[in-house]
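Below is one structure; the comments refer to it alone.
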Amino acid sequence: MIFFNLLRLSIRNFRNMKLRSMLTVLGIGIGIGAILFLVSLGQGLQRLLIERITTAEALLTLDVLPPGGEKIVLNKEAFESIKIASEVAEVSPVKSAKARATFEGVTASITANFVEDNFFRLSGLDKQLVKAKNQARATGVILFTDEKSVIITSAVAKLLSMDDPMNKIIDVKVASADDGAITTASFTIIDVMNEELLSAVYIPLRAYPPEREIVYDSLKVSVTSTVVLESARESIVARGFLVSALSDTVRQANRVFSIMKVILGIFGIIALVVAAIGMFNTMTIALLERTNEIGIMRSIGASSKDIWAMFLTEAFIIGFLGGLSGVGVGVGGGELANAGLNFLASRLGGQALDVFYYPLWFIIGIILFSTIIALITGFYPAQRAAHLNPLDALRYK
């Protein structure tokens, strides 16, 4: 029996049992949709986190911190000794201090970070800049046009009730952690960083008061390649400094999300197993109802292989349609949930995010998975149908 005849017979049988077939397909679709919804949530959260915290440049960067105490500090001598190492491509120092920012009579407590232009690229924060997002990714670019330039986070703009912060002038009062001396200066906002949780401003390092001896709070150290990342880390650790790498955080995050996606997938598979049992029951009942029909088909020349192929074709159609409907259920449910979350975020003053992520390979894979599960489920009823005795089948009422 040729494939098109099998397909025509299978479609005819679907039409004869519309409600039962639709419910079976819907059951498979809900199971597949649950898997797609839950796993795409895990994929989306993982993608969101990784994209927000890292870039290719940031993965080659080490964070260097002083161990504490007065014996080992990150002064200019330590900075220069690390900078000249063969594995090191560039170094960006950071000096932080408590500060207060004022704009049109509104004052807020913030953190003032004195940094160089390459800090944003090395730390992966360049993607969060509103104006210089693409410009900041280039090596050697100058973001701070002069010593009176400042970049603020969106959290600071909100604290200072600034609707359009660009090119506005704010007063920043910085307190020294060493002697408590207070320095006040006015700065022009040249860019805003999309960061709602951190109340900080970024000031050119060259604006730090020259009369004060500078001791850095941390260094961003970029290495030449991933091959020398560990050797550079060991070299800096040997000097007594604390070293961490963003690549470690990414590795740990990926491990956690992999476990989370497996757990979420298991919940979805449970729903699919229930649907597969329902499909098995449907095909078994169909076998009993069509026993006489099978006997007639066998008596007019259909082979047991034809009967077997017909039942498996029906299982294939159920699985394929179930996979397609599951994609609709999963993607539709994800988009509705995402719209609901973004609506709440907008009402609460938060940022809109895409929490769900549907890779094309996963959608294709989930449809294939649904089809394979349906074929496995339909194998036993197909075997039973193929091995029915034609005479017994004709006598069956």
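Annotations for the structure displayed:
- Helix screen, the chain: DSSP H segments with Cα axial length of 24 Å or more and mean Kyte-Doolittle hydropathy at least -1.0 are 18-53, 246-289, 304-347, 360-386.
- For the stretch 67-240, the alpha-carbon coordinates run over 50, 39, 27 Å along the three principal axes, in decreasing order.
- GNM result for the chain, Cα springs below 10 Å: residue of GLY268, GLY68, GLY33 fluctuating most strongly: GLY68
- Taking the DSSP beta bridges with both ends in the chain, the antiparallel portion is around 80 percent.
- Candidates VAL192, VAL130, VAL156: whichever shows maximal mean-square fluctuation once the chain is modelled as a Gaussian network with Cα springs under 10 Å: VAL130
- Projected onto their three principal axes, the Cα atoms of the chain cover extents of 106, 49, 33 Å, largest first.
- The residue among SER86, ASN16, LEU197 whose Cα reaches farthest toward the positive pole of the charge dipole of the chain, with charges on the beta-carbon of Lys, Arg, Asp and Glu, is ASN16.
- Listed cross-link partners LYS158/LYS220; LYS95/LYS168; LYS95/LYS220; LYS95/LYS148 are compared with a 19 Å cut-off, the Cα-Cα value being larger for LYS158/LYS220; LYS95/LYS168.
- Rounded to the nearest 500, the helix-only mean residue ellipticity at 222 nm of the chain stands at -18000 deg cm²/dmol, with each DSSP H run of n ≥ 4 adding -39,500 (n - 2.57).
- For the stretch 67-240: relative contact order, % (alpha-carbon pairs under 8 angstrom, 6 or more apart): 34
- Separation in nanometres of the label points that stand 7 Å from Cα toward Cβ, at ASP164 and GLN383: 7.4
- Of the beta bridges in the stretch 67-240, as assigned by DSSP with both residues counted there, near 75 percent are antiparallel.
- Sites ILE72 and LEU353, calculated FRET efficiency, Cβ-Cβ separation with R0 41 Å, nearest 0.05: 0.50
- Charge-dipole axis of the stretch 287-349 as Lys and Arg at +1 and Asp and Glu at -1 on Cβ define it, positive-most pick from VAL327, LEU312, GLY301: VAL327
- Projected label distance in nm at ILE11 and SER299, using a 7 Å step from Cα toward the beta-carbon: 2.9
The numbers here are math on the coordinates, done by the rules we state, and not lab data. Keep in mind that what you see is a predicted model, and the values were worked out from it rather than measured. Note that each Cβ is placed from the backbone with ideal geometry, even for glycine, and that neighbours are counted across all protein chains shown.
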